[in-house]
């Protein structure tokens, strides 16, 4: 399995866990507008879960931009390369 596929799988599982969904309900098109339960409180839970899972920190201005699977993946790739 490639690193990108591993990252996608981890991210899918994490999003599903935070939003109390099955991982097959999360895909690359998932975002704040089409994922049930993605509200402001769960968004903060998501940011904390991402930071803990991947050992990174998001600045406040970055955290508010994490509104889709694609954007989160992009931020993670950037931060994990540092």
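Just one of 18, 32 is surrounded by 17 or more Cβ atoms within 10 Å (Cβ to Cβ) and touching a residue at least 24 places away in the same chain (Cβ under 8 Å); which is it?
18
Starting from residues that are in contact (Cβ under 8 Å) with a residue 24 or more places away in the chain and closer than 21 Å to residue 25 by Cβ, keep the ones in region 47-69 and report whichever is surrounded by the most Cβ atoms within 10 Å (Cβ to Cβ).
Taking region 47-69 as the starting set, the residues that turn out to be in contact (Cβ under 8 Å) with a residue 24 or more places away in the chain are 49-50, 53-54, 56, 67-69.
With closer than 21 Å to residue 25 by Cβ added as a condition, the list becomes 49-50, 53, 67-69.
Numbers: 49: 15, 50: 24, 53: 14, 67: 15, 68: 18, 69: 19.
Top of the filtered list is 50.
Since every read-out is calculated from the coordinates, none of them should be taken as a lab result. Since the structure is predicted, the reported quantities are computational estimates derived from the model, not experimental observations. Please note: Cβ atoms are built from the backbone with ideal geometry, for glycine as well, and neighbour counts cover all protein chains shown.
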